[in-house]
Amino acid sequence: SDNKIIIAIDGYSSSGKSSMARALASSIGYRYVDSGAMYRAVTLWGLRRGIVSDGTVDEEALIAALPDIAIDFQPIPGEGQHTLLCGEDVESEIRSLRVSDNVSQVAVIPAVRHHLVALQQQFGREKGIVMDGRDIGTTVFPDAEMKVFVDASAETRAHRRFLELQQKGMEATYEDVLANVKQRDHIDTTRAESPLTKASDAISLDNSDMTIAEQNEWLIELYNRILAAKR
Ligand code: CDP
Ligand code: CDP
């Protein structure tokens, strides 16, 4: 409807983007789309076929395969949604350190970005969407009515991600997670094609000292303010 807007949440790895985006979407009845999951799914597809391995990518083969790499999201009642790769639920596998260690190298490839950005823009056609990622407010939806840029120290972020992997019983050491977070931040901010950067009209949030509840409260207040100004 006319009142629905597009909400872009960008920021560094493991800063809390997806927990913020998911919570906001569910409280205001919007659709949530995790753009990072799409880059992760393409990476998993390549890893399974040896097209991606140890940080190197056979670009030509991956680009040729893009039309066959079907990515979708399936709503799961009570727990958000799961990522589907060619119909298979890969939600857990795309969060592994093996995928994290290769995804930024896949995400630098312009043809991969163009393909996924077009899909992301399709998801936003009817507005009423919250999308999180790296380039949502700059490239995917430069006209989004609400843009947030999230950051926290690398150590805080690595600690959060480490705890999360531990809780899920996935293998990783804190040192490995910290190294991965720093490496991805570096690749994501220095790539030529739509690098991670704060849109000039994005509102910054450093949530290093915020709980999930506090950051969600901050976010809904911002949303209410933006909606009130729109009326
Ligand atoms: O959850 P986390 O912040 O660790 O990462 P993610 O959002 O799942 O994204 C994984 C990787 O995909 C990032 O490190 C980027 O390399 C890439 N990505 C991107 O290039 N553009 C986006 N809009 C989203 C993710
Ligand atoms: O999407 P992104 O990679 O930016 O981060 P996330 O998946 O939302 O958050 C990474 C981890 O940090 C999750 O386990 C969150 O529950 C946790 N987190 C936290 O403990 N405190 C915050 N203020 C934000 C996130």
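Output the pairs from 147/230; 127/168; 17/127; 127/182; 17/182 with a Cα-Cα distance over 26 Å in this structure; if there are none, say none.
Working: 147/230 14 Å; 127/168 33 Å; 17/127 19 Å; 127/182 33 Å; 17/182 17 Å.
In this structure, 127/168; 127/182 exceed 26 Å between Cα atoms.
Phi angles across the range 195-204 convert, under the Karplus curve 6.51 cos²θ - 1.76 cosθ + 1.60 with θ = phi - 60°, into 3J(HN,Hα) values of x, 5, 7, 6, 5, 4, 9, 8, 8, 7 Hz, Gly and Pro given as x.
Sequence gap at least 6, Cα distance under 8 Å: using those rules, report the relative contact order of the chain to the nearest whole percent. Mind showing how you got there, number by number?
Details: 340 pairs, mean separation 74.1, N = 231.
Relative contact order comes out at 32 percent.
Going through the range 68-148, which trypsin sites (Lys or Arg not before Pro) have at most 13 other Cβ atoms within 10 Å and a DSSP loop state? Answer by residue number: 125.
Relative contact order of the range 117-231, taken over Cα pairs closer than 8 Å and 6 or more residues apart, is 34 percent.
How much FRET efficiency would the formula 1/(1 + (r/R0)^6) give for residue 164 and residue 60, where r is the Cβ-Cβ distance and R0 is 25 Å, rounded to 0.05?
Values: r = 35 Å, r/R0 = 1.40.
The value I calculate is 0.10.
Residues 145, 79, 60, 171, sorted by accessible area with the largest first, give 171, 60, 79, 145 [1.4 Å probe; ligands and nucleic acids excluded].
Sort 13, 92 from largest to smallest accessible area, using a 1.4 Å probe on the heavy atoms of the protein chains. The partial results should precede the final answer.
Details: 13 0, 92 80 Å².
Ranked list, largest accessible area first: 92, 13.
Under 5 Å between amide hydrogens, built in the peptide plane, is the criterion, and for residue 5 it picks out 128, 129 among residues at least 5 positions away or on other chains.
Between residue 27 and residue 208, what length in nm is gained on full extension when 0.36 nm per residue of separation is reduced by their alpha carbon distance? Could you put the intermediate results ahead of the total?
Values: separation 181, 0.36 × 181 = 65.16 nm, distance 2.31 nm.
Net length gain for the segment: 62.8 nm.
Please label the shape of the range 134-231 as rounded, prolate or oblate, based on the square roots a ≥ b ≥ c of the eigenvalues of the alpha-carbon gyration tensor (a/c under 1.5 means rounded; beyond that, a/b larger than b/c means prolate, else oblate).
Details: a/c = 2.78, a/b = 1.44, b/c = 1.93.
It comes out oblate by the Cα gyration axes.
Rounded, prolate or oblate: which one fits the range 69-141, using the alpha carbon gyration tensor with axes a ≥ b ≥ c (rounded when a/c is under 1.5, else prolate when a/b beats b/c, else oblate)? Cα axes put the range 69-141 in the oblate bin.
The values are calculated or read from the model by the stated rules, or taken from the named source; none is laboratory data. This is a predicted model, so every value here is computed, not measured. In this analysis, Cβ positions are derived from the backbone assuming ideal geometry, glycine residues included, and neighbour counts consider all displayed protein chains. All accessible areas refer to the heavy atoms of the entire protein, side chains included, with ligands and DNA or RNA removed. Shrake-Rupley method; radii C 1.70, N 1.55, O 1.52, S 1.80 Å.
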